């Protein structure tokens with residue numbers, strides 16, 4: 001599969017960020033309605049897995065890609081990208097109530113940005129090894145600062161060091177997820193990479209939800225009738241596909257920063273469209289603009305690392 005031009009990959013990743021904001025909102029609402037936050041993740045992954053199963057029957061490229069993987073000779077750990085997504089969902093379920101949304105968001109973006117720099121430098125992603133240049137480091141730091149600014153005025157929870165580090169580890173896990181899924185996709189097809197992601201992540205999410213008591217809480221709670229609260233799986237599949245395509249073109253760091261920019265833009269749209277929301281804040285708008293600047297800065301003088309260095 002051909003890679004997209006960088007500008008197209010970045011725009012696509014931004015659209016993925018907007019989708020991610022909508023996904024997070026409906027998953028959180030669903031979890032709150034049934035009495036356990038982890039159930040939003042369960043419905044999300046089960047819905048995504050159902051769509052993957054439909055794809056197995058309807059898409060020859062998915063079946064062909066999975067057959068290709070048998071002869072791809074990838075290391076076993078290359079197939080564990082979905083574990084990063086499952087870890088992030090579980091970490092968010094535990095840490096958001098403790099830290100608050102603002103601190104969690106900043107911590108996970110910090111982990112994702114630093115992880116993106118490391119993953120790109122080591123060459124785990126299919127874009128190859130990208131040098132650790134000043135502009136890339138500056139872009140990552142600017143992205144973290146932009147998210148921090150966008151969260152001004154939001155409630156802050158208990159700033160426990162261990163929980164903050166757990167949130168940062170969740171961001172790092174997403175960077176690894178993007179890189180490893182990208183390797184699988186590059187060796188087969190985007191459809192096959194998506195299937196592998198959900199095959200790995202869904203069982204882990206179910207185990208984590210069971211450990212957190214989600215199924216007991218959901219069994220006794222009335223389930224909401226609004227159809228749109230069950231679209232998390234569809235959004236999840238779209239996001240995974242977008243990440244697979246974008247990472248191949250621009251690497252993990254710039255993909256992650258573009259997704260963050262899209263998430264902030266999506267948050268502004270939700271604040272405008274959902275009744276009772278406060279509307280667009282100046283801090284959120286400035287944060288979104290600074291994130292766009294971070295994407296631009298991080299792309300300056302990007303160069304591959306010569307093989308053997």
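Potential lengthening of the chain between residue 122 and residue 53 amounts to 21.5 nm, from the contour at 0.36 nm per residue minus the alpha-carbon distance.
Translational diffusion of segment 129-174, estimated by Stokes-Einstein from the Kirkwood radius over alpha carbon pairs at 20 °C in a medium of 1.002 mPa s, is 168 µm² per second. From least to most packed, judged by other beta carbons within 10 angstrom and beginning with the fewest, 238, 11 follow the order 11, 238. When Rg and Dmax are taken over the Cα atoms of segment 136-254, they come to 17.7, 50 Å. Treating each Cα of segment 12-96 as one equal point scatterer and applying the Debye formula with no solvent, the log10 of I(q)/I(0) at q = 0.14 Å⁻¹ comes out as -0.68. Both radii come from the Cα set of segment 158-211: Rg as radius of gyration, Rh as Kirkwood radius; their ratio Rg/Rh reads 1.12. Using only the C-alpha atoms, the convex hull of segment 184-299 corresponds to 149 Å³ per residue. Between residue 286 and residue 141, the FRET efficiency estimated from the beta carbon spacing at R0 = 22 angstrom works out to 0.85. In the chain, helices alone account for a calculated mean residue ellipticity at 222 nm of -26000 deg cm²/dmol, with every DSSP H run of four or more residues adding -39,500 (n - 2.57). By definition, a body whose alpha carbon gyration tensor gives a ≥ b ≥ c is oblate when a/c is 1.5 or more and a/b is not larger than b/c, and segment 185-244 fits this oblate description. On the basis of the beta-carbon distance and an R0 of 25 Å, residue 215 and residue 76 show a calculated FRET efficiency of 0.25.
Using only alpha carbon pairs under 8 Å that are at least six residues apart, calculate the relative contact order of the chain and give it in whole percent. RCO, the chain: 39 percent. Over segment 6-298, the hull volume per residue, using the convex hull of the C-alpha atoms, is 127 Å³. If R0 equals 35 Å, the separation of the Cβ atoms of residue 296 and residue 67 corresponds to a calculated FRET efficiency of about 0.30.
Restricting the calculation to alpha carbons of segment 53-170 gives Rg and Dmax of 18.2, 53 angstrom.
Throughout, read-outs are computed from the coordinates displayed, never taken from laboratory work. Keep in mind that this is a model prediction, so the values were computed, not measured. Neighbour counts run over all protein chains shown; Cβ positions are idealised from the backbone, glycine included.
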